[in-house]
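Taking it in order: structure first as structure tokens, then the write-up.
The values are calculated or read from the model by the stated rules, or taken from the named source; none is laboratory data. Quick caveat: nothing in here was measured; it's all calculated off a predicted structure. Every residue, glycine as well, gets a Cβ built from its backbone with ideal geometry; the counts of neighbours run over all protein chains shown. With ligands, DNA and RNA removed, areas are computed over all heavy atoms of the protein, side chains included. Shrake-Rupley method; radii C 1.70, N 1.55, O 1.52, S 1.80 Å.
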Amino acid sequence: MAAQFKNQVRIIGGDYKRRLLKFPDSEGLRPTPDRVRETLFNWLGQECTNLTCLDLFSGSGALGFEAASRNAKRVVMVERAKNVAASLKENQNLLGASNIEVIWGDALRFLDSTAERFDVVFLDPPFASDFLAQVLPKLPRVLNSGAVIYAETANWPDREGWEIVKDGKAGQVKYALLKQSLIV
């Protein structure tokens, strides 16, 4: 029997459009708002067809499920809270999303150990953490050529080696699409 949670997020586009997904309370977990997700997927061109995506601090799964709904070839969702990862797996099963793999584990260890490469990486770490500053330097080795990074933060860490392609702000959340800077 599926766990009962009061929190929910709605998929806004693609094959799973309008589907409601429930998720548990967890410290620092705040789903990306609908309006911000809509902006992000407009930036990405609506579709994620044939893209391999990484949702590194998956939480509610809003970004990863949205990418899967929009025909991503593969979405890897990494979440360290066991109950939250279990909820992601339940939602994956509910949707019948065979293009998703849920990994219960630490994001930094995953980046250090994976041999996989990605076209899009979603980074929405816990708001009061310094995970974004720790993750950005580790990303280049797991990126395909031309890959983009979507990140949310309260305050940007040093972004040496990264350029902002597009950005916005919603309340206290700053968000941007990043790509690796060209070395001159």
Task: Long-range amide H partners of Ala72 with built H, under 5 Å - done: Cys48
Open item on the list: With every protein chain kept in place and ligands, DNA and RNA left out, what is the accessible area per residue of the chain? Probe 1.4 Å, answer in Å².
Closed with: 50 Å²
- [ ] Could you point to the residue in Ser87, Ile11, Ala151 farthest towards the positive end of the chain's charge dipole, with +1 and -1 charges on the Cβ of Lys/Arg and Asp/Glu respectively?
- [x] Ile11
Open item on the list: Whole angstrom only: what separates the Cα centroid of the range 59-92 from the Cα centroid of the range 126-184?
Closed with: 20 Å
Task: FRET efficiency, Arg35 to Ser113 (Cβ-Cβ, R0 25 Å, nearest 0.05) - done: 0.10
TODO: Could you go through the range 162-174 in sequence order and give the Karplus-derived ³J(HN,Hα) for each residue, using 6.51 cos²θ - 1.76 cosθ + 1.60 with θ = phi - 60°, rounded to whole Hz, and x for Gly and Pro?
DONE: 10, 10, 7, 8, 8, 8, x, 8, 9, x, 8, 8, 9
TODO: Which order do the peptides 77-90, 143-156 take when ranked by the mean count of other beta-carbon atoms within 10 Å per residue, highest first?
DONE: 77-90, 143-156
- [ ] Can you tell me the relative contact order of the chain? Whole percent, Cα pairs under 8 Å, sequence separation 6 or more.
- [x] 17 percent
Task: Accessible area of Arg35 in the full protein assembly, 1.4 Å probe (Å², nearest 10) - done: 150 Å²
Task: Those residues of the range 89-109 whose amide nitrogen sits under 12 Å from the label point placed on Gln134, 7 Å along Cα→Cβ - done: 106-109
Task: For Glu101, residues with placed amide H under 5 Å, excluding near neighbours - done: Val75, Val76, Met77
- [ ] Quick one: order Phe127, Phe57 from most to least accessible surface, probe 1.4 Å.
- [x] Phe127, Phe57
- [ ] With unit charges on the beta carbon (Lys/Arg positive, Asp/Glu negative), name the residue among Leu108, Leu21, Phe57 whose Cα is farthest towards the positive pole of the charge dipole of the range 7-180.
- [x] Leu21
Task: Charge-dipole axis of the chain as Lys and Arg at +1 and Asp and Glu at -1 on Cβ define it, positive-most pick from Phe122, Val75, Gly96 - done: Gly96
TODO: Nearest 5 is fine: what % of DSSP beta bridges in the chain come out antiparallel, could you say?
DONE: 50 percent
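Label the range 65-170 by shape, choosing from rounded, prolate and oblate, from the square roots a ≥ b ≥ c of the eigenvalues of the Cα gyration tensor; if a/c is under 1.5 it is rounded, and otherwise prolate applies when a/b is larger than b/c, oblate when it is not.
prolate
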Task: Extension gain (nm, one decimal) between Glu160 and Gln46, 0.36 nm per residue minus Cα-Cα - done: 38.2 nm
